[in-house]
Amino acid sequence: MERLDDSVDAATSNDPAIGLRAVWALRSLSEQLERVQVANARKAGWTWQQIADALNVSRQAVHKKYARHLDALENLNQRRKGGQ
C-alpha cells in the first residue's frame, strides 16, 4: 500500500514532473484494475450493460474496449483445456 500512497502523494506535488509521472502511474494502475474487474464480471455472468452501469459508461464503450480482448483470452483458455 505504500507504493499507492506514494503515488497519491506525488500526484499532488508542486513539481509538475513528479506530479505528471504520478498521474501516469495511477492511470496505468487504474486501467489494469479495470481490465481485471471487467474480466471477473464477465466470468461471473454480468452483462455488458451491468458492467457499463458500474463504470458509468455506455455499453458500447465498454464492449468496444474489452470484448475482443476477453474473447481472445477465452479462446486461448478453451484451446489449453482441449490440449490437456
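The values are calculated or read from the model by the stated rules, or taken from the named source; none is laboratory data. Note that the structure is predicted; figures quoted are calculated from it, not measured. Every residue, glycine as well, gets a Cβ built from its backbone with ideal geometry; the counts of neighbours run over all protein chains shown.
Output the residues belonging to region 49-84 that are small (Gly, Ala, Ser), at pLDDT below 95 and not in a helix (DSSP H, G or I).
Matches in region 49-84: 83 only.
When residues of region 24-48 are filtered for being surrounded by 13 or more Cβ atoms within 10 Å (Cβ to Cβ) and either part of a helix (DSSP H, G or I) or touching a Leu at 6+ places or on another chain (Cβ under 7 Å) (or both), how many remain?
Of the residues in that region, 11 qualify.
Cβ-Cβ below 6 Å, separation at least six or inter-chain, first residue in region 46-65 and under 17 Å from residue 33 (Cα atoms), second assigned to a loop (DSSP other than H, G, I, E, B): which pairs?
Note: pairs meeting the criteria are 52/58.
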